[in-house]
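Here the structure is laid out as C-alpha cells; the discussion comes afterwards.
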Amino acid sequence: MIGLLVILGYAYHQRLFGLNQPAAAGSTQDMPLVGGGVSDGSKCGTKGYQYFAVSTVTDIGGMLPGTPAGPAMVLGSYGAEVSGQGDPGEFTISFSLATGSSAHSLDLTAPFGALGVAVEIEGPNGLVGGAHNLPVTLDDPSARLPNGKIRVGNAYGLSAELKLPAAALCPGYDVMDVNNELSPPSDSHDTITGQPPYTLTVSISDPAVTVSRAELHSTAGGPVLAADNHV
C-alpha cells in the first residue's frame with residue numbers, strides 16, 4: 001500500500017512552457033483567491049499552522065496496519081503547472097475519501113465538509129503557502145445529492161480535485177520551486193532516502209466524520225480528515 005501511495009504522489013507530471021517564471025504574487029494578508037477560497041497569507045512563516053486541527057499522524061482509516069478504523073482521506077496526485085511565460089502557475093491536487101466500512105456511507109455538508117477544503121504547504125521555516133474554503137471538482141458529479149450534501153459511497157468512496165493558485169503562496173516563493181521541494185530525496189538507485197523537504201497537507205472538517213467514527217468504534221475522534229505527502 002505504501003508503494004501505491006508513492007506512485008500516486010508522482011502521477012501528476014510537471015509541465016513547464018517558458019523561462020524566467022515570475023514569483024508568486026502572494027500576500028502576508030488573507031486574501032480571496034480567483035476561482036474561490038481564501039489564502040492563509042497572515043500565517044506565512046508560522047510553524048505547525050493548520051486551518052483544521054490535524055492530528056500528528058495522518059488518519060488513513062485502517063488502510064495500513066495500525067491506523068484507526070473509520071473514514072479515511074488519501075492524497076493522490078499533486079504537482080505544479082505553468083502554462084507559459086508570465087503565468088505564475090498553479091498546483092493541481094487530487095485526493096480520495098473512503099468510509100472505512102462496506103456498510104456505511106458518509107454524507108458531507110456542502111461545499112465539501114462544512115468549511116470546505118484546506119491546504120497547507122510548510123517548509124523548515126514555517127508556512128510557505130496555503131488556503132482554506134477551496135472549491136473542489138468531484139470525479140463523480142452524481143455524488144452531490146438533491147439536498148446539497150456530498151455522498152461518499154460505501155463501495156468505491158469518492159475522489160476529488162482542487163486547484164491551488166500561485167497567489168496562495170507566501171511572498172518570495174514560486175510554484176515550481178515549491179513543487180520541487182514536495183518530492184522526497186532519493187539516491188542514485190531511485191530509492192527514497194527521507195521525507196520531502198516541504199509538507200503538503202490536505203484536510204476537511206465535518207460533523208458527519210465524528211458521527212461515523214463513533215458508529216464504527218474508531219480509535220480516532222473528531223471531525224477532521226487529513227492526508228499529507230509523507231512517505
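Residues with beta-carbon under 15 Å from that of P124, excluding P124: net charge, scoring Lys, Arg +1 and Asp, Glu -1? Please list the in-between numbers first.
Details: positive: K47; negative: E120, E122, D177, E181.
Once all neighbours under 15 Å are counted, the net charge is -3.
Amide hydrogen proximity for A110: with H placed 1.01 Å from N in the peptide plane, the residues at 5 or more positions away or on another chain lying under 5 Å are I150.
Hey, can you find the accessible area per residue of the stretch 123-231 for me, probe 1.4 Å, expressed in square angstrom? Working shown, then result.
Working: 5040 Å² over 109 residues.
I get 46 Å² per residue for the stretch 123-231.
With all protein chains in place and a 1.4 Å probe, the accessible surface of the stretch 136-231 carries 50 percent carbon and sulfur.
For the peptides 98-104, 146-152, the ranking by mean Cβ contacts within 10 Å, running from highest to lowest, is 98-104, 146-152. Charged neighbours of G41, selected by a Cβ distance under 13 Å, balance to -2 (K, R count +1; D, E count -1).
The values are calculated or read from the model by the stated rules, or taken from the named source; none is laboratory data. All of these numbers come straight from a predicted model, not from anything done at the bench. Heads up, the Cβs are rebuilt from the backbone with ideal geometry, glycines too, and the neighbour counts pull from every protein chain shown. Note: accessible area is taken over every heavy atom of the protein model, side chains too, but ligands, DNA and RNA are not part of it. Shrake-Rupley method; radii C 1.70, N 1.55, O 1.52, S 1.80 Å.
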